[in-house]
Amino acid sequence: MFQKKNIKIYIFGEIVLDLLLIKDDCILPVVGGSALNTLLTLKYFGRDPLFFSEIGNDFVGDLVLNFLNNKGLIIENIFRSEEIKTTISIVKFDENREAKYNFYKSYYKKPYLYDPIKKISFKKDDFVFLSSFFAGDNRNKKIIKYLIKKRKEIGFKLFYDPNIRLHHLKQNKVKLNQILDLLNSSDIIRFSFEDLLNIFRYFIFYRNNNKIFVKKLFFLIFKKEWKLIEKIKKLFNKNKDIFKEYLLRIIFNKDFYSKFKNYLENNRVDLIRKEFKNYLIQKIFDFYIKEAKVDFINKLIILTDGPYDIKVIFGKDIFSFEVPPIKPVSTVGAGDTFNGSVLNNILENYSFYENFFNNHNYNKIENNCINRQNIKNKIEELINFSIEQSKKVCLSNSNYPS
């Protein structure tokens, strides 16, 4: 294992007791949560991240601590309080074994981890991982501001998985601002395609209060084409409404519509989705930079999309990698395992990434490589390794590799 300059990994985030509905009469309890799943993935690779989290002083919290102790994890930075009820999620699977969640948690105002985090002596080569709900929680805005400030001062590497849900953005503008600040400040961002669509959709349709108008316009214009559209809706799973809305933006383009019909006639609906996604990615990133003022230059950006291809933006290059098809048992924890695997692979190949992260200089990496193909090979190694670890999790009922 590669280790340099005593690099430390700090993980801040939630712990959740997942209750998996395996069958109608069978519930499997699994200790998880985005941050903990990422921690356990890194532990699987032999690393010892420092984990900061909060749980209740309750029965579920006792179960969590017993689990962490049995895993040999350091629990001294796990804060417990009577005010907190340890979060529980009920996880139900659809026909594709995609997980849907109902969360049961307490809402409290105090950022309990602020004082412990202020005592940390961060170093330039350290990595900080922020999990989604913790990072977007209003009560943690003081913590997020502090971490962003320390990153600017010290230069540690910030890894952020936004996990953006549209109803969160509609509920609170503070959360949106925290997300945008973190996107600007992070060195590594692992988006899902849904993340991109949700924040883009918020800016376009909800912020401007024109969602109803756009939908009505869509149905008036595309009555005749609706049968075609219905045939490929299933490709977009939980993004069906988004698909309808954004198809409006490109179906006026005769070239695209011609391809659309040609692909469908030849039963290549996979190409429709891919072309549509590529179009949206370009539009969305243009929008982020221009309207949301998020600077994506000098970041490692990974865009996952479930079973579909993965995009990686690194310096001047955009790479695309196919995901091998599988029949998952459970997708819970797959993204978190992917995150932990990405971070582990970066640390294994830190000499390659060091100049980029420390100096935000793509040219220094380019000068150290023979050509662009070498850069692609390194990124491909990163992605393939992470896909393989996520695959192991998808083929089990575990939230992390074991």
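The values are calculated or read from the model by the stated rules, or taken from the named source; none is laboratory data. Quick caveat, the model's predicted, so the values are computed rather than measured. Using ideal geometry, Cβ is built from the backbone for each residue, glycine included, and neighbour counts are taken over all protein chains shown. Remember, those area values only see protein heavy atoms, side chains included, never the ligands or the DNA or RNA. Shrake-Rupley method; radii C 1.70, N 1.55, O 1.52, S 1.80 Å.
Values for this structure:
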{"quantity": "Carbon plus sulfur fraction of accessible area for the stretch 1-72, probe 1.4 Å, in percent", "calculated": "52 percent"}
{"quantity": "Modelled label reach - Phe103, point 7 Å along Cα→Cβ, the stretch 66-91 residues with backbone N closer than 12 Å", "calculated": "87-90"}
{"quantity": "Spatial separation of Cα centroids for the stretch 300-318 and the stretch 1-77, in angstrom", "calculated": "27 Å"}
{"quantity": "At R0 = 25 Å, FRET efficiency that the Cβ-Cβ distance of Asn70 and Leu395 yields, to 0.05", "calculated": "0.60"}
{"quantity": "Ranked packing of 308-319, 109-120, most packed first, by mean Cβ within 10 Å", "calculated": "308-319, 109-120"}
{"quantity": "Label-to-label distance, nm, for residues given as Lys142 and Phe385 (7 Å Cα→Cβ offset)", "calculated": "3.9 nm"}
{"quantity": "Residues of the stretch 77-148: accessible area per residue with a 1.4 Å probe, Å²", "calculated": "54 Å²"}
{"quantity": "Cys26-Asn278 pseudo-label distance in nm [points 7 Å out on the Cα-to-Cβ vector]", "calculated": "4.2 nm"}
{"quantity": "Net length gained if the chain between Glu322 and Asn266 were fully extended (0.36 nm per residue, minus Cα distance)", "calculated": "18.0 nm"}
{"quantity": "Label-zone membership for the stretch 58-82, site Lys119, 7 angstrom Cα→C-beta point, backbone N under 12 Å", "calculated": "76-79"}
{"quantity": "Cross-link pairs beyond the 30 Å C-alpha cut-off, checked among Lys327/Lys378; Lys150/Lys391; Lys124/Lys391; Lys43/Lys299; Lys149/Lys274; Lys43/Lys277", "calculated": "Lys150/Lys391; Lys124/Lys391; Lys149/Lys274; Lys43/Lys277"}
